[in-house]
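The values are calculated or read from the model by the stated rules, or taken from the named source; none is laboratory data. These numbers were taken from a predicted model, which means no experiment stands behind them. Glycine also receives a Cβ, built like all others from the backbone with ideal geometry; neighbour counts cover every protein chain displayed.
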Amino acid sequence: MSETESEIPQSEIPQSDLPEDGRYRLRLYVAGQTAKSLAAMTNLKRFCEEHLAGRYEIEVVDLMQNPQLAAGDQILAIPTLVRRLPAPLKRIIGDLSNTEKVLVGLDIRPDLDARAASPAEAGSPTVKQP
Amino acid sequence: MNEPAAESGPTLPDSAPALPKAATGIEGFDAVTFGGLPAGRPSLVCGAAGCGKTLFATTFLVNGATRYGEPGVFMSFEERAEDLVANVASLGYDLGGLIAQGKIAVDHVRVERSEIEETGDYDLEGLFIRLGFAVDAIGAKRIVLDTIETLFSGFSDEAVLRAELRRLFGWIKERGLTAIITGERGAGQLTRQGLEEYVSDCVVLLDNRVEDQITTRRLRVVKYRGSAHGTNEYPFLIDAEGISVLPVTSAELDYPVSDGVLATGIAGLDAMLGAGGFYRGSGILISGEAGTGKTMVCASLVDAACARGERCLAFVFEESGAQIVRNARSVGLDLGRHVESGLLRYEAARPSLYGLEMHLARMQRDIDRFRPDLVVVDPLSALRGPDAELQATVLRMADLLKSRGITAVFTSLREDGSLGRDGDIGVSSLMDAWIKLLNVEANGERSRTLYLIKARGMSHSNQVREFAMSREGLQLVDAYIGPAGVLTGTARAVQEAEEAAAALRRAQENRRRQREAERRRRSLERQIDELRADLDALAGEEAILLDEDERREAALESERDARAVRRGG
């Protein structure tokens, strides 16, 4: 259990053009359109708009359709939100209803993030649905 | 390894319902459980750290993939796939190869509490998806979850976990997967998280105990729903050959019995036995103190067997094979040629090298591989251990050999044939024949004697024999039994010499008396001859006198006639 690096197969994940630009690359793993999954998606979007407006990317992976992706990110619980960037990798499980815990989990400090958020970078978030 | 081990183990009651079973391929375990684990259901294998749970589970998967055509998924919650591959390589399993062939899939599930933040409702659907994906990818029939309890350290919502575990075991049954769930032994219950509550079809408990600084692994089938099973604790062994469980002993004594006779190579000993040797497949005990010649009697048996082209396997605990070969040369036995021809093999090991179980398991394996006709254990009394275990070990050893129809020769240093320090572990009653070698001390010398205490099923001499070892080989000499008692060695020689001298004296006396009688007879005959000669002489004289008388009478007659003529008659 001494691994510190993630085991994500790199080929399956689009690389960020700007690895350390302060953008958040988030991946939400769900399994079908369950109540928990839908709640998590809604909560995540709301949360990102509130705290990370304009500097986040969300990728939603439905494991029902892509079960092979579960092992790579060590997914057990559903839903799981993985913060791929900025490093280090973080995992948040649950429907993200507890905003405070999501903040802690994503390591977001509201004051710093508020300052970093500049109008130039504000834009629509890219949400991919595989 | 492939042969069914059902010959030793409890027997299946006839009325037992036929529950589908998935063979584990673990020698002995399938015998104890009458076929293996319940097919299509989860079984719990629990035990303390280091007792072999993971190896048991891996063996189940590897055998499934290699022998029974059932691919398997190993979901490891503790070891990484590469660690697992490396660890089981020591058992001779090529897990990497099986993974490459798509017969086994390993998925390492990493559960790190510090990386997980819980922010609301969740379930473990991800685990199901991973498992389902791996199972579908290789068409798995078997799965192992090792150790699923790790989940409890990663997730804080126990209610969710327990609900999900229940769902998982239900899912396993639904999919018809034969599963092994491993669990760490907990205080007061079989597993820390009470997994036995969920997996109730079959529970196997592994144990690793240290007694007298020797570790023995044991296995017990705690429960097996819907099936009979052996209820004892069975020792099991993990070594380079994998796992073997050794069912203690069969209750029946239903060995095939042979009428064949095995000559001992010692003419005098064969002569003592009504059948001209020992029965094949019997157990022979040779007891005697140090230096009474046990090993050489064994060597003689071995030499005779090898000379007949039979295979012999000798487990020796006090000497090396080479040493025995050298020593046997001094009594004119060339064992070296049998070793070279491959008919004879010595397996030498110090008794303290392994525990009794290990010794037994090693013997069983070697015997099954070498397939000998004769096995020698020299000396049995070198094995040390707790008395109860020693007794069981010897019993199983004898069983092991008898069930295979192998003639077994055991030596024991104890005169009474017992094993333990207090002497209540009798092995002699297990044996079919018992040769007792005894050193007799008298007149400042020791001589070896040999008794045949018993030989089941044949008449045998009840007489003591003097047992001599020389360059010419082993010989039995009839001991002197006479008015002066039983004499051996020099005393026997002296007594025999005295008797010989006395006999000579008697013979000489007889001859002298015969000569005397002859002489007297001859002298009498001589006298008779002389008298007869006198008689003849006398008779001759008598005839002459008679003749003269007649002639004189005639002369007188004629003269008288003449005178009458002259007178003018």
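Miscellaneous remarks
- Matching residues, segment B:9-33, being at pLDDT 85 or above, part of a loop (DSSP other than H, G, I, E, B) and closer than 13 Å to B:Ser227 by Cα: B:Pro20, B:Thr33
- Subset of segment B:136-151 that is in contact with a helix residue (DSSP H, G or I) (Cβ under 6 Å, 6 or more places away or on another chain) and not aliphatic (A, V, I, L, M) - its residue that is farthest from the other protein chains (Cβ to nearest Cβ): B:Arg142
- Among the residues of segment A:99-108, the ones that are crowded, with 17+ Cβ neighbours inside 10 Å and either among the β-branched types (Val, Ile, Thr) or assigned to a strand (DSSP E or B) (or both) come to 1 in all.
- Count of segment B:63-83 residues which are away from every other protein chain (no Cβ under 13 Å), assigned to a helix (DSSP H, G or I), of a type outside the set (Val, Ile, Thr) and surrounded by fewer than 22 Cβ atoms within 10 Å (Cβ to Cβ): 0
- Lone qualifier among B:Ala49, B:Ala6 - being assigned by TED's automatic domain parsing to the domain that holds B:Ala179 and at pLDDT below 85: B:Ala49
- Any hit, segment B:269-292, residues being outside any loop (DSSP other than H, G, I, E, B), modelled with pLDDT of 85 or more and more than 16 Å from B:Lys454 (Cα to Cα): no
- Flag for B:Val376 being under 27 Å from B:Ala240 (Cα atoms), out of contact with any Ser or Thr (no Cβ under 6 Å at 6 or more places or on another chain), not charged (D, E, K, R) and not in a helix (DSSP H, G or I): yes
- Restricting attention to segment B:84-100, the residues that are free of Cβ contacts under 8 Å to residues at least 12 places away in the same chain and either assigned to a loop (DSSP other than H, G, I, E, B) or within 14 Å of chain A (Cβ to nearest Cβ) (or both) total 1.
- Within segment B:413-428, the set of residues being at positive phi and either at pLDDT 85 or above or among the acidic types (Asp, Glu) (or both) is empty.
- Test for B:Leu165: is it in a helix (DSSP H, G or I) and more than 9 Å from chain A (Cβ to nearest Cβ): yes
- Search result, residues across segment B:315-363 that are out of contact with any Lys or Arg (no Cβ under 6 Å at 6 or more places or on another chain), part of a loop (DSSP other than H, G, I, E, B) and farther than 17 Å from B:Glu472 by Cα: B:Phe317, B:Glu318, B:Glu319, B:Ser320, B:Gly342, B:Ala349, B:Arg350, B:Tyr354, B:Gly355
- Candidate set: segment A:1-60, residues that are within 20 Å of A:Gly72 (Cβ to Cβ) and of a type in the set (Gly, Ala, Ser); chosen: the one modelled with the lowest pLDDT: A:Ser2
- Where a residue in segment B:429-455 is within 13 Å of B:Val297 (Cβ to Cβ) and at pLDDT 85 or above and its partner, wherever it lies, is acidic (Asp, Glu) and assigned to a strand (DSSP E or B), with Cβ under 6 Å and at least six apart: B:Thr449/B:Glu466
- The set of residues in segment B:104-135 being more than 7 Å from chain A (Cβ to nearest Cβ), farther than 22 Å from B:Gly170 by Cα and in a helix (DSSP H, G or I) consists of B:Arg113, B:Ser114.
- Boolean, B:Glu318 is crowded, with 16+ Cβ neighbours inside 10 Å and within 30 Å of B:Gly268 (Cβ to Cβ): yes
- Within segment B:136-154, the set of residues being in a loop (DSSP other than H, G, I, E, B) and more than 12 Å from B:Phe77 (Cβ to Cβ) comprises B:Gly139, B:Ala140, B:Lys141.
- Candidate set from segment A:52-98 (those that are farther than 15 Å from B:Glu115 by Cα, in a loop (DSSP other than H, G, I, E, B) and of a type in the set (Gly, Ala, Ser)); member that is farthest from the other protein chains (Cβ to nearest Cβ): A:Gly54
- Residue ID - surrounded by the fewest Cβ atoms within 10 Å (Cβ to Cβ), chosen from residues in segment A:24-51 that are within 9 Å of chain B (Cβ to nearest Cβ) and part of a loop (DSSP other than H, G, I, E, B): A:Gly32
- Evaluated against (1) within 21 Å of A:Ala31 (Cα to Cα); (2) away from every other protein chain (no Cβ under 14 Å); (3) in contact (Cβ under 8 Å) with a residue 40 or more places away in the chain; (4) not charged (D, E, K, R), B:Gly170 falls short on exactly one condition, (3).
- Selection of segment B:173-186 for residues being touching a residue at least 40 places away in the same chain (Cβ under 8 Å) and not basic (Lys, Arg) yields B:Gly176, B:Leu177, B:Thr178, B:Ala179, B:Ile180, B:Ile181, B:Thr182, B:Gly183, B:Glu184.
- Annotation: of all residues in segment B:302-314 being touching a strand residue (DSSP E or B) at 6+ places or on another chain (Cβ under 6 Å) and part of a helix (DSSP H, G or I), the one that is nearest to B:Val427 (Cα to Cα) is B:Val302.
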